[in-house]
1. Please specify each residue of region 95-109 satisfying the condition of being under 13 Å from the mean Cα position of the chain (by Cα) and either buried (at least 21 other Cβ atoms within 10 Å of the Cβ) or assigned to a loop (DSSP other than H, G, I, E, B) (or both).
2. Looking at the structure I just gave you, is residue 75 surrounded by fewer than 20 Cβ atoms within 10 Å (Cβ to Cβ), out of contact with any helix residue (DSSP H, G or I) (no Cβ under 9 Å at 6 or more places or on another chain) and under 27 Å from residue 138 (Cα atoms)?
3. Just one of (1) in contact (Cβ under 8 Å) with a residue 60 or more places away in the chain; (2) touching a helix residue (DSSP H, G or I) at 6+ places or on another chain (Cβ under 9 Å); (3) closer than 23 Å to residue 163 by Cα trips up residue 103, so point out which.
4. Restricted to region 150-182, and to residues that are assigned to a helix (DSSP H, G or I) and free of Cβ contacts under 8 Å to residues at least 24 places away in the same chain, which residue is surrounded by the fewest Cβ atoms within 10 Å (Cβ to Cβ)?
5. Considering each of 185, 117 in turn, give the residue that is touching a strand residue (DSSP E or B) at 6+ places or on another chain (Cβ under 9 Å) and either closer than 27 Å to residue 60 by Cβ or surrounded by fewer than 18 Cβ atoms within 10 Å (Cβ to Cβ) (or both).
6. Out of all the residues in region 127-149, which are buried (at least 18 other Cβ atoms within 10 Å of the Cβ) and assigned to a helix (DSSP H, G or I)?
7. Only one of 119, 114, 137, 87 is under 17 Å from the mean Cα position of the chain (by Cα) and farther than 30 Å from residue 188 by Cα; which?
8. Specify which of the listed residues (66, 82) is at pLDDT 95 or above, surrounded by 16 or more Cβ atoms within 10 Å (Cβ to Cβ), within 29 Å of residue 139 (Cβ to Cβ) and in contact with a helix residue (DSSP H, G or I) (Cβ under 8 Å, 6 or more places away or on another chain).
């Protein structure tokens with residue numbers, strides 16, 4: 001998806017946004033603070049990258065295992081690395097999400113988004129004591145477009161394309177449903193609608209199950 005945007009003091013031209021990058025825009029509030037915990041963010045990003053490969057026809061699920069469908073590159077260095085790993089190793093989507101959380105994929109994507117001018121870096125100190133890195137969104141148009149697509153995924157009878165329900169499913173699975181649907185009605189009902197409409201989305205399901213397992217483990 002390529003766009004050419006100009007708004008206020010900022011402009012972003014010829015930017016190709018992956019599902020993972022759209023998810024990262026949605027996950028940060030206006031100050032740049034991440035709305036979900038790091039583990040959920042990492043799982044969401046990994047799931048979004050896997051979903052991107054699936055939508056482009058590079059991978060598919062066979063007998064519960066994620067397999068490559070050919071040897072053509074994805075054309076994105078991060079996606080190509082992930083694709084090479086899938087070629088070399090047999091794992092389920094959930095095993096890939098579990099394996100790659102905390103591997104630095106989120107940070108690599110955010111660094112690229114900073115370089116592209118879509119977000120900026122704010123080295124924030126919480127009450128002057130605890131240092132945190134926040135990523136205020138500069139590409140407001142891309143954020144608005146991604147948010148609208150997630151709402152469409154939850155409210156439209158028929159999605160306009162494959163990427164819209166995929167993004168909605170990933171956002172809900174990562175735990176962003178409440179903040180994204182807060183102004184669109186009953187957010188719980190909308191989350192349920194997204195889950196029902198995207199029941200066959202293996203990437204979102206892998207994210208949801210991995211985060212759920214992490215939460216259960218943390219509560220023991």
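The values are calculated or read from the model by the stated rules, or taken from the named source; none is laboratory data. Please read all numbers here as calculations on a predicted model, not as lab measurements. Note that each Cβ is placed from the backbone with ideal geometry, even for glycine, and that neighbours are counted across all protein chains shown.
1. 97, 101, 106
2. So residue 75 passes the test.
3. (3)
4. The first filter runs over region 150-182 and keeps only residues assigned to a helix (DSSP H, G or I), leaving 150-155, 163-174, 177-181.
If we keep only those that are free of Cβ contacts under 8 Å to residues at least 24 places away in the same chain as well, we get 152, 164, 177-178.
Working: 152: 17, 164: 18, 177: 21, 178: 13.
Here the answer is 178.
5. Checking each option against the conditions leaves just 117.
6. 142, 143, 146, 147, 149
7. Details: 119 fails: farther than 30 Å from residue 188 by Cα; 137 fails: farther than 30 Å from residue 188 by Cα; 87 fails: under 17 Å from the mean Cα position of the chain (by Cα).
Testing whether each residue is under 17 Å from the mean Cα position of the chain (by Cα) and farther than 30 Å from residue 188 by Cα leaves just 114.
8. Unique residue meeting the criteria: 82.
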